[in-house]
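Student: Quick one: this structure, given as structure tokens, is what I'll be asking you about.
The values are calculated or read from the model by the stated rules, or taken from the named source; none is laboratory data. Just so it is clear, the model here is predicted, and its values are computed rather than measured. Counting neighbours? That spans all protein chains shown, and the Cβs are built from the backbone with ideal geometry, glycine included. These accessible areas exclude ligands, DNA and RNA; they are computed on the full protein's heavy atoms, side chains included. Shrake-Rupley method; radii C 1.70, N 1.55, O 1.52, S 1.80 Å.
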Amino acid sequence: MQCTRAVARLASGMVRTARVTQQPSKQTPAILGVFEQSCRLCSSTGVVDSPNKTKPGTGTPTEEGILKRVLNKVGFTPNTKARLKVTSHLLYESVADKINYVAFFRDFNLPNTFNSWFLVTELHVWLLLMRSMAEGSETGEDGRFLRNCIVEAMWGDVNTRAKKLGAHNPSRTRQQIETLSEQFQAALIAYDEGIMSDDRVLACSLWRRFFEMNCDDYVQIERLVKYVRQQAAMLDSLPRDQFIIKPKVAWVDLDKCKV
């Protein structure tokens, strides 16, 4: 297919030439032969009027461009907000579904209550948040956005569980969640200070928050410090693909962490 505007110009020029010069009809094929040439106004890789873009040197349409446009529409490209939001829920589910809460209750003498469940969840969510912020230096706001989505997923789960436990007293449940939110913010600051310092500072942070200043067994505190360090090292070793693109978080089993 030739460029339509170029064809129109050539056709009008042919008519004017025929009228002025009154050339014989036997030269008409020579003039019409111009239509068989490529238009200089058209692209060298394809025709302007062609609806399907083709690969250079071939006659087949490009599939890569179509696939990218489809993925962008549905939000499954690696750097989109929708993909990060899905990743945040997968990361949080790795905590809620894979952590052995019973082992924590047993080994650290924690009562089997909603508050103890939240303390264990809070500790592992903080580890995920710390790893998420490590992505900020390379990908701009990806790390911060992922961190916020993980926190959002956690509070969604907390609200669901709390409503089931306190169905008869919703106002009391709401007050407890507000208290947990304030404690969560303070715990993040304390844990950040501990992980950036030596084991003594981290042990103090865990004793104040996780054990709620109610633990005299130094072996238990030392074991939890070692556990946190191992989990942090495991998360730091994960490449971006295994943390954001396709999360594969293999949490260290508490039973394998001995002092």
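Student: Residue 257: net charge of surrounding residues, Cβ under 11 Å, Lys/Arg +1, Asp/Glu -1, itself excluded?
Tutor: Surrounding charge for residue 257 is +1.
Student: How would 101, 191 rank on accessible area, largest to smallest, probe 1.4 Å?
Tutor: 101, 191
Student: Where does each of 207, 117 land when they are ordered by accessible area, with a 1.4 Å probe and the largest first?
Tutor: Ranking 207, 117 by accessible area, largest first, yields 207, 117.
Student: Still on this structure, I have one more. Mean 1/r over all different Cα pairs, inverted: what Kirkwood radius does segment 132-259 give, in Å?
Tutor: Over segment 132-259, the inverse of the mean reciprocal pair distance is 16.9 Å.
Student: How fast does segment 109-179 diffuse by Stokes-Einstein, in µm²/s, taking the Kirkwood radius from C-alpha pairs at 20 °C and 1.002 mPa s?
Tutor: 157 µm²/s
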